[in-house]
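Have a look at the structure below, then the notes.
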Amino acid sequence: MICKYSGYTWSILFGMIITGSARSIAVKLAYQSGFRAPLTITLLYLLGLSFSLLVHGIQQWSVNDYDALSTTRRNEEPKVNQDEPSLEMGTFTGDDVDVDTQRCGVANALPSKQNDSTITHSDSALTGSLSNDSTSSPVPDASDSSSPYSSIFEFYSTALTSFYDDELPKGSNHGLSRESEERIKWAHRIPFYLKPAIPAIFNLLNSALRWASLLYIDASVSEMMISGLELTLSVVAARIFRKRMVAKSRWAGVVTVAAGVVVIERANNSKHQRSDGEQDGETHVVAHDAMIGVVLIILQSLLSVLQDLGEEIFMQATDFPATMMLGMEGLWGFCIGLVIYLTIGNKLRIEDTDATLSMLRTNPKLRWWVVGLPFLFLLTGVFNIKATEATSAMTRNVWKTMRTVLVWVSALVIFYLGNNAAYGEAWHTPESFIILLGFAVMSAGIIVYYSAR
């Protein structure tokens, strides 16, 4: 199954892995720098997603421009020299020359018609003229590089056609049945402008929980647990809500992934207990924080799976454009989140919004970071939702586990090669080895899942 992906799908999956890893690293480094503002980052995240509406507009313009150029080329009338006899296409009967014949030149098509009684004297004269002097052909050859539209048209036809038409899969139908279609008929009854509002609510809540969890847990462990839980829960949700048929061997892979998540959580809890005990003799404070992080990750994963499933249903069952879905989803979430931020943001006790605004006023570098972060969120969001559109929510969550490798390696490099031990992640023996073992178990589960038919 893995090898059957098109180049388009592979590029989407790799882009999702790379940008998702960069997103987690950027937010964790901000927290380690003292900018502990998960609500502000949630707003920036949703703002970045809303920029996808611009991407959708550009995408539509590009496709429409390509279509217009194609139509112009097809409808371009042949310029006939007035000194030569004109070709009367109406003189042919049922075997008239078709559009492709006109485009490729009539010199190759007309000789086979010369014995037809329907060919007029002027047509026969023109045929002889064209046969004797090919350079006098009144119809421009489409392959002629001197055509004013040739280079532009070839570029569009090569790039845009292959990108938007030939290689764009419309989701995975694996395990879907007639019952699956019956279960999502409700999606067609929802007004167009309200469709993104449903996943937007889940997105607002799960993103706030995700960024808050990074206050209490390492980025690498967070990525491992989120990826494993979202894969496990997405398969369960797809079976319940979409009635996807899941093979027993695939369930075995899911159970293996879940077992790996448990190993990772237990090792991470032990790491925090020992680390805190070495520093100040008390183990319950950091261990308690780690448990808060785990609870936030579990809630986040549940909401994220519901968001992914909603996106999958609306995009694949109702043909809702992916980038428009992402943009409207971000816009809905940003508007709701902004109201919450301005009214009860401080009362939630997740972030001191006054202190956040004070830091932004006094730190120019932080302001530039805040300006650039939404664009990173935009890239990640586009790749994420395109992955759901091209495959399915389940497949997307399978491949998200690969982010862990990049996040963990980057965090270790930052810690050991950087000049400040406050940044990155340290290697703890034996807990880090146990976490690595847990990730290996997760990876084995993914292999079992994908090897199933």
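The values are calculated or read from the model by the stated rules, or taken from the named source; none is laboratory data. Computed from a predicted model, the values in this text were never measured in an experiment. Backbone-built Cβ (ideal geometry, glycine too); neighbour counts: all protein chains shown. Ligands, DNA and RNA are stripped out before the accessible areas are found, and what is left, the full protein with its side chains, is counted by its heavy atoms. Shrake-Rupley method; radii C 1.70, N 1.55, O 1.52, S 1.80 Å.
What the table below lists for this structure:
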| item | result |
| --- | --- |
| Qualifying residues in the stretch 387-415 (those that are open to solvent by 10 Å² or more (accessible area, probe 1.4 Å) and polar (S, T, N, Q)) - the one modelled with the lowest pLDDT | T395 |
| Residues (under 16 Å from T42 (Cα atoms) and among the β-branched types (V, I, T)) located in the stretch 295-352 | I297, I336, V339, I340, T343, I344, I350 |
| Selected residue (only one of I350, I344 is open to solvent by 40 Å² or more (accessible area, probe 1.4 Å) and in contact with a Pro (Cβ under 9 Å, 6 or more places away or on another chain)) | I350 |
| Breaking point among (1) modelled with pLDDT of 95 or more; (2) of a type outside the set (D, E, K, R); (3) buried (at least 16 other Cβ atoms within 10 Å of the Cβ), for V246 | (1) |
| Test result for V398, within 25 Å of I264 (Cβ to Cβ), without any contact (Cβ under 8 Å) to a residue 40 or more places away in the chain, assigned to a helix (DSSP H, G or I) and within 31 Å of the chain's Cα centre (by Cα) | no |
| Checking A287 against (1) under 30 Å from H428 (Cα atoms); (2) open to solvent by less than 10 Å² (accessible area, probe 1.4 Å), the condition it does not meet | (2) |
| When residues of the stretch 353-384 are limited to those that are open to solvent by less than 20 Å² (accessible area, probe 1.4 Å) and touching a Lys or Arg at 6+ places or on another chain (Cβ under 8 Å), the one modelled with the lowest pLDDT | N384 |
| Close pairs from the stretch 326-346: first over 24 Å from G310 (Cβ atoms) and free of Cβ contacts under 8 Å to residues at least 60 places away in the same chain, partner open to solvent by less than 70 Å² (accessible area, probe 1.4 Å) and among the polar types (S, T, N, Q), Cβ under 7 Å, at least 6 apart | N346/T353 |
| Meets criteria (surrounded by 17 or more Cβ atoms within 10 Å (Cβ to Cβ) and out of contact with any Phe, Trp or Tyr (no Cβ under 7 Å at 6 or more places or on another chain)) for F192 | no |
| Check on W211, at pLDDT 85 or above and either assigned to a helix (DSSP H, G or I) or within 21 Å of the chain's Cα centre (by Cα) (or both) | yes |
| Scan of the stretch 27-37 for residues that are within 16 Å of S222 (Cβ to Cβ) and open to solvent by less than 20 Å² (accessible area, probe 1.4 Å), ordered by number | V27, A30, Y31 |
| Leading residue by the ranking (nearest to Y423 (Cα to Cα)) among those in the stretch 1-24 that are open to solvent by 40 Å² or more (accessible area, probe 1.4 Å) and β-branched (V, I, T) | I18 |
